[in-house]
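Heads up, the thing below is written out as structure tokens.
Each value in this text was obtained by applying a stated rule to the coordinates, not by laboratory testing. The model shown is predicted, which means the values in this text are computed figures rather than measured ones. FYI the Cβ positions are ideal-geometry reconstructions off the backbone, even for glycines, and counts take in every protein chain you see.
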Amino acid sequence: MSSPEQWTHPDGAPPATAATPTAEQVIAGLRATTEGGADLVQLLTPEGERVHHPDFDIDITPEELRGLYRDMVLVRRVDREANALQRQGQLGIWVPLLGQEAAQIGAGRAMQPNDMAFPSYREHGVAWCRDVHPTQLLGIFRGTDHGTWDPMEKRFHPYVIVIGNQVLNAAGYAMGQRFDGKVGDADGEATICFFGDGATSQGDVHEGFVWAAVYDAPLVFFCQNNQWAISEPTERQTRLPLYQRAKGYGFPGIRVDGNDVLATLAVTRWALQECRTGNGPVLIEAFTYRMDAHTTSDDPSRYRLSDELELWKLKDPIERVRVHLVKQQWADQEFFDQIQADSDAIAAELREYCVNMPDPGPERIFSNVYAEPSPVLDAQRDEFLDYVSGFAGGEH
């Protein structure tokens, strides 16, 4: 493993201190993190070759790998269709996950039915794994609702926009699992919380680390390090690889190739099992790359080089699985054609649903404010609706 100094400043390059990193500084940061370091857990290379790891290996059947491939392809198609819908004025904003499919599908499929997930706002792949239909995400980005699924039924918390706040929510929930005696054996429960590399600079994340460590909470901290916190590269946020921060809080940290769905699945299964048997928490740094903008309101060409993107395209998480399936003769053209047809169908369904979404009535802003009825809120609602009804077209 490289030293902290080598990792931060490769080849003696100066750290990025200017308001906008120079091209040389960006390249230095890329070189320092391009392969993830000696501790990176990888089971499927970018060339589609299966490799083995002494501590984190996995037996995968052809059917299971085909399923993971299907998940990633469909989730990417949903992401691209939603991105297009935003550009066409159907959504107010969209948060792309392009390039992070393996990190999310691998982690999502590692969960057991009773586990709980706390997402940020980019976890469309994890939502897919928790049986949250993509159409249920659209209202969030169209501004009509906060998500229409039941978090307890799906075991998937609503999206959180405030950076890092979900980590505190997850820590509290996992502490409750510990207090309620739901950990201690293989049938126990665990919680997994998703956040990005930028969130690790927020106090909420570190407070979550402290509470989870002190109470041995069954919580997997899953950091998707996509190399850019909007326009800030990872090298400007930390002197150490992010997974090494766990050591300071007294629990294990591990870095996995986030573009390798098999390695992510294996490592996350292990981490969740550690937690549900009472050995948590665990920090996973999924080393991946955001191949699109931070959101549709962002222009990544203003702060990163096209060469960087082209390099990461060679590590595409879906392509490496496709190549492996072909090499192993585990999939034929008929299979790939069917996946294409399935992705076309779900894209059409998503578009049809989005274009025809009804606008909510004015009473919508008063719903789900309190868990129980509130006479004061009810009076405010009635007064507001009476006011609105006095305008032309203000019926509700």
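If you stretched the chain out fully between Asp307 and Thr135, how much longer would it get, using 0.36 nm times the residue separation minus the C-alpha to C-alpha distance?
58.5 nm
With label points built 7 Å along Cα→Cβ from the Cα atoms of Ala38 and Asp187, find their separation and express it in nm.
The modelled label-to-label distance comes out at 4.4 nm.
Neighbouring Cβ atoms within 10 Å as the yardstick, rank Asp79, Asp59, Asp382 fewest first. Mind showing how you got there, number by number?
On the way: Asp79 23, Asp59 6, Asp382 12.
Fewest to most other Cβ atoms nearby, the residues stand as Asp59, Asp382, Asp79.
Nearest 5 is fine: what % of DSSP beta bridges in the chain come out antiparallel, could you say? Walk me through the numbers on the way to the answer.
Values: 3 of 25 bridges.
If I count the DSSP bridges inside the chain, around 10 percent turn out antiparallel.
Using the Cα centre of the chain as the reference point, and only Cβ charges (+1 on K/R, -1 on D/E), how large is the resulting charge dipole? Debye, rounded to the nearest 20.
Numbers: 34 positive and 59 negative charges, 134 e Å.
Rounded to the nearest 20 debye, it is 640 debye.
Could you compute the net charge surrounding Pro233? Neighbours are other residues with a C-beta less than 11 Å from the C-beta of Pro233; K and R count +1, D and E count -1.
Numbers: positive: Arg236, Arg304; negative: Asp197, Glu232, Glu235, Glu308.
The answer is -2.
Based on DSSP loop calls and a cut-off of at most 14 other Cβ atoms within 10 Å, the longest stretch of the chain free of exposed chymotrypsin sites (Phe, Trp or Tyr not before Pro) is what? Intermediate values should be presented prior to the final figure.
Details: sites that count: Tyr370, Phe391.
With chymotrypsin sites (Phe, Trp or Tyr not before Pro) excluded where exposed in loops, the chain gives 1-369 as its longest stretch.
Can you tell me the FRET efficiency between Met357 and Asp386 if r is taken as the Cβ-Cβ distance and R0 is 41 Å, rounded to the nearest 0.05?
Working: r = 27 Å, r/R0 = 0.66.
It comes out at approximately 0.95.
Could you give the spread of the C-alpha atoms of region 126-220 along their three principal axes, from largest to smallest, in whole angstroms?
Principal-axis extents of region 126-220 (Cα, largest first): 40, 33, 17 Å.
Could you list Met175, Met116 in order of exposure, starting from the residue whose Cβ has the fewest other Cβ atoms within 10 Å? Kindly include the intermediate steps, with their values, before the conclusion.
On the way: Met175 19, Met116 24.
So the residues, fewest neighbours to most, are Met175, Met116.
Of Glu383, Glu349, how do they rank once you tally other Cβ atoms within 10 Å and put the fewest first? Walk me through the numbers on the way to the answer.
Working: Glu383 10, Glu349 15.
Least crowded to most crowded, the residues run Glu383, Glu349.
Please list 3J(HN,Hα) in residue order for region 40-54, calculated via the Karplus relation 6.51 cos²θ - 1.76 cosθ + 1.60 where θ = phi - 60°; whole Hz, with x for glycine and proline.
Using θ = phi - 60°, the values come out as 5, 8, 9, 10, 9, 6, x, 8, x, 8, 7, 10, 10, 10, x Hz.
Report which label in (1) 47, 29, 20; (2) 35, 26, 24; (3) 33, 26, 20 holds the value of semi-axes √(5λ) of the Cα gyration tensor in Å derived from the coordinates of this structure.
From the options (1) 47, 29, 20; (2) 35, 26, 24; (3) 33, 26, 20, the structure gives (2).
I'd like the orientation of helix 333-355 relative to the chain: the angle between its Cα long axis and the longest Cα principal axis, in ° from 0 to 90, rounded to 10.
Tilt relative to the chain: about 30 degrees.
Determine the distance separating the Cα centre of region 204-283 from the Cα centre of region 48-100; give it in Å without decimals.
Here the answer is 21 Å between Cα centres.
Determine which lysines satisfy two conditions relative to Lys182: a Cα distance under 27 Å, and not lying fewer than 8 residues away in the same chain.
Lys154, Lys247
So for the pair Ile58, Gln328, with labels modelled 7 Å out along Cα→Cβ, what separation do we get in nm?
Placing both labels 7 Å beyond Cα along the Cβ direction yields 1.1 nm.
Count the net charge of all other residues whose Cβ sits under 15 Å from the Cβ of Met152, scoring Lys and Arg as +1 and Asp and Glu as -1. Intermediate results must be reported in sequence, preceding the final value.
Values: positive: Arg130, Lys154, Arg155, Lys182; negative: Asp115, Asp131, Asp150, Glu153, Asp180, Glu189.
That works out to -2.
Per q in 0.17, 0.33 1/Å, what log10 I(q)/I(0) does a Debye calculation on the alpha-carbon atoms of region 33-72 return?
Taking Cα atoms of region 33-72 as identical point scatterers yields -0.58, -1.16.
Name the residues whose placed amide hydrogens come within less than 5 Å of the amide hydrogen of Leu44, ignoring near sequence neighbours (fewer than 5 apart) on the same chain.
When sequence neighbours closer than 5 places are left aside, the close amide H contacts are Val51, Ala263.
What spacing in nm lies between the two simple spin-label points modelled at Lys247 and Ile161, each 7 Å away from Cα in the Cβ direction?
Computed distance between label sites Lys247 and Ile161 equals 3.9 nm.
Around Asp187, under 12 Å between beta carbons, what's the net of Lys plus Arg minus Asp minus Glu among the other residues?
Working: positive: Lys182, Arg276; negative: Asp115, Asp185, Glu189.
Charge balance in the 12 Å sphere: -1.
Under a straight-distance cross-link criterion of Cα-Cα below 19 Å, which lysines are reachable from Lys315, leaving out those fewer than 8 residues away in the same chain?
Cα-Cα hits under 19 Å: Lys327.
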